[in-house]
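I have placed the structure first, in the form of C-alpha cells, so that the comments after it can refer back to it.
The values are calculated or read from the model by the stated rules, or taken from the named source; none is laboratory data. Predicted model, so just to flag it, every value in this text is computed and none were measured. When we count neighbours, we look across all protein chains shown, and the Cβ atoms used for this are built from the backbone with ideal geometry, even at glycine. With ligands, DNA and RNA removed, areas are computed over all heavy atoms of the protein, side chains included. Shrake-Rupley method; radii C 1.70, N 1.55, O 1.52, S 1.80 Å.
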Amino acid sequence: MSQINVNTIALADGTEQARLVQVQSANKADSFATASTTMVDVTGFSVAITPTNTANKILVMVQFQLGISLGGGYSVEGNLVRVISGGATSDIAMATGATNNHSVFAGNTATYNAEAASIIFLDAPNTTSATTYKLQINATSSGGTATFGRRGADTTYGSHSTITAMEIRT
C-alpha cells in the first residue's frame, strides 16, 4: 500500500489553501434545568479545542432544544461562551441592537413546548491555547425554570444535543 505525506497543499501562486485542520465534538443525551435569572453553564455540555495557529478560525456549531416551566410571558435566554485557558472568558455570537442581547432566545414558550435552537458562529480566538466553548442559559423571570434538552413541563420528551468546534486554516 502506498502513502503520500505532505505538510501543506498550496495553490499555484504559493499561497496555502484554506482547509479543515481538526474537529472536536461533544454530545449530551440528558437534560439540564435551572431557575437562575443569571447565566449558568449547562453542565456537561462543552467542547475544547487547541488551535494550531493564531491566524486560524474556529467554526462552532451547536444544536439543542430549550423549554420553560411556565407559559405566558416567560422565556429562556442562552449565550455561547468562549474560555481561553489562562486568559479571557467572552460571550460570543451575541445579537446587537436590542435591550437584551443573547446568542439564542426562546420566548413565551408554553410549558409543553421545546423549541429547537442552533448557533453557528465563526470565531477568531487569536490563540494557540486550549479554548473551550460552552452554552449558558437562564430563565428571564423569577418563578420559571429554564430547561435544556427537554420541554419545560416535565421530562416526558427529551432530545440529544451536540456542540462541535472545527479549526479552519485560513
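Numbers below:
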quantity: Entirely in segment 72-170, the strands (runs of 3 or more DSSP E) that have 2 or more residues that are in contact (Cβ under 8 Å) with a residue 40 or more places away in the chain, within 19 Å of D41 (Cα to Cα) and open to solvent by 50 Å² or more (accessible area, probe 1.4 Å); calculated: 115-123
quantity: Output for segment 25-83, where each listed residue is among the basic types (K, R) and farther than 15 Å from S159 by Cα; calculated: K57, R82
quantity: Flag if F64 is modelled with pLDDT of 95 or more and in contact with a Ser or Thr (Cβ under 9 Å, 6 or more places away or on another chain); calculated: no
